Amino acid sequence: MIGEPLHAEDPKSFLVEGADRAVLIDTGIGVGNLGEVIRELTDLPVTVVTTHAHWDHVGGNRWFVDIRAPKGAHAALRAGWSDDRMRRALDPSELSGALPVGTDPDHAGIPPLTDIVTIADGDTLDLGGRSLNIIAAPGHASDLIVLLDRVNGILFGTDAVYAAALYAQMPDSDLTVYLRTLQTLSELVPDLRVVYSSHGTVPFAPDLIVRMTAAMAEVIGGRHPDGQEAGGRLHDFGAFGIITAAIDD
Ligand SMILES: [Zn+2]
């Protein structure tokens, strides 16, 4: 796990090694040289899997050549993120420490990508002695995927399931779609040992996904929110939460 804990989003990327190659799940915000960090960790060829096109998951893509992403993420990846957008993302109010030496918050835009290979629900990435299954997991974002190491009982829950407030208030979030994804992931729980996700406490016990599914159904059913967070209404369930758009009710 490569974390960026000094940013409020605290995004995590994951490097998974097989015998023949490594998969890097997401590349974080893009401050510092993630390419150098990964070269210190593995000698294997690295395939980046972008789980969805949100700025806090794609910033370090610039350091890699082999980048795969769901079709729905391609347009945003090809457009990149402007200096202006990233200046807001790196506002001092979002940070709890200094940016890495050499990072200029006024020029921290994420460059456009040209070569992107499509991955889709049902695909399997063979790393040599270890494989990762791609599972579509829309709801937080329409293009979101999760990755499953079935043999070892490991789910990489990305932004679909994590032990913190789930963001269901984004422009392309959809609560009903999100619930269906949680139901699908719940069915995997009996065969899971552990979940590693992109935000919140890592790792967490798979049972939490079952509770998230019930909680999402409760929210859709009209549960009264407990407060406000991240531009939406927070439903607090203790080990996790659900944030919905303010216009929901
Ligand atoms: Zn996201």
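The values are calculated or read from the model by the stated rules, or taken from the named source; none is laboratory data. Predicted model only: the values in this text are computed from it and were never measured. Counting neighbours? That spans all protein chains shown, and the Cβs are built from the backbone with ideal geometry, glycine included. When the accessible area is computed, the model is the full protein with side chains, heavy atoms only, and any ligands, DNA or RNA have been set aside. Shrake-Rupley method; radii C 1.70, N 1.55, O 1.52, S 1.80 Å.
Within the stretch 21-49, residues that are among the charged types (D, E, K, R) sit with their Cβ atoms under 6 Å from residues that are open to solvent by 10 Å² or more (accessible area, probe 1.4 Å), at 6+ positions apart or across chains, in these pairs: Arg21/Leu44; Arg21/Pro45.
Looking at this structure, is Ala215 under 25 Å from Pro5 (Cβ atoms) and either basic (Lys, Arg) or in contact with a strand residue (DSSP E or B) (Cβ under 9 Å, 6 or more places away or on another chain) (or both)? It is false that Ala215 is under 25 Å from Pro5 (Cβ atoms) and either basic (Lys, Arg) or in contact with a strand residue (DSSP E or B) (Cβ under 9 Å, 6 or more places away or on another chain) (or both).
Filtering the stretch 173-190 down to residues that are surrounded by fewer than 18 Cβ atoms within 10 Å (Cβ to Cβ) and polar (S, T, N, Q), which residue is nearest to Asp149 (Cα to Cα)? Selected residue: Thr184. Take the conditions (1) within 16 Å of the ligand (Cβ to nearest atom); (2) surrounded by fewer than 19 Cβ atoms within 10 Å (Cβ to Cβ); Ser198 misses just one of them, which is (2). Are any residues in the stretch 210-229 part of a loop (DSSP other than H, G, I, E, B) and surrounded by 14 or more Cβ atoms within 10 Å (Cβ to Cβ), and if so, which ones? Passing the criteria: Arg223, Pro225. Filter the stretch 171-185 for residues that are modelled with pLDDT of 95 or more and part of a loop (DSSP other than H, G, I, E, B) and give the result. Result: Ser173, Asp174.
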